[in-house]
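Novice: Quick one: this structure, given as structure tokens, is what I'll be asking you about.
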Amino acid sequence: MKQVAIPFHSGAGHTERLAQIIVDTMNDRIGFVAHLIRVEPLDQVDWARLQHADAIIFGSPTYM
């Protein structure tokens, strides 16, 4: 299966909610394995998921 990493930053929670919708859709309807990765803080598991991902979708608020 294709691995997708979605690193995101969300100040008020709106970007996180949108990222979660994308993850749910990819996992349930498209058949990918998608992972949410909060960028603060990143641990070794997060770095490994980013390194092995077939695709990375970045989520950031409009003010960034």
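Novice: Please go through the stretch 4-19 and pick out each residue that is open to solvent by 60 Å² or more (accessible area, probe 1.4 Å) and either more than 20 Å from Pro61 (Cβ to Cβ) or not in a loop (DSSP other than H, G, I, E, B) (or both).
Specialist: His14, Glu16, Arg17, Leu18 - these are the residues of the stretch 4-19 that are open to solvent by 60 Å² or more (accessible area, probe 1.4 Å) and either more than 20 Å from Pro61 (Cβ to Cβ) or not in a loop (DSSP other than H, G, I, E, B) (or both).
Novice: OK, next. Kindly indicate the residue of the stretch 21-38 that is open to solvent by 60 Å² or more (accessible area, probe 1.4 Å) and touching a residue at least 12 places away in the same chain (Cβ under 8 Å) and also farthest from Lys2 (Cα to Cα) among those meeting that condition.
Specialist: The qualifying residue farthest from Lys2 (Cα to Cα) is Arg38.
Novice: Could we say that Ala55 is surrounded by fewer than 17 Cβ atoms within 10 Å (Cβ to Cβ) and aliphatic (A, V, I, L, M) here?
Specialist: In short, yes.
Novice: All but one of (1) surrounded by fewer than 17 Cβ atoms within 10 Å (Cβ to Cβ); (2) touching a residue at least 24 places away in the same chain (Cβ under 8 Å); (3) assigned to a loop (DSSP other than H, G, I, E, B) hold for Pro41; state the number of the condition that does not hold.
Specialist: Condition not satisfied by Pro41: (2).
The values are calculated or read from the model by the stated rules, or taken from the named source; none is laboratory data. Everything numeric here is computed off the predicted structure, so don't read it as measured data. When we count neighbours, we look across all protein chains shown, and the Cβ atoms used for this are built from the backbone with ideal geometry, even at glycine. Side chains included, ligands, DNA and RNA excluded: accessible areas come from the protein's heavy atoms. Shrake-Rupley method; radii C 1.70, N 1.55, O 1.52, S 1.80 Å.
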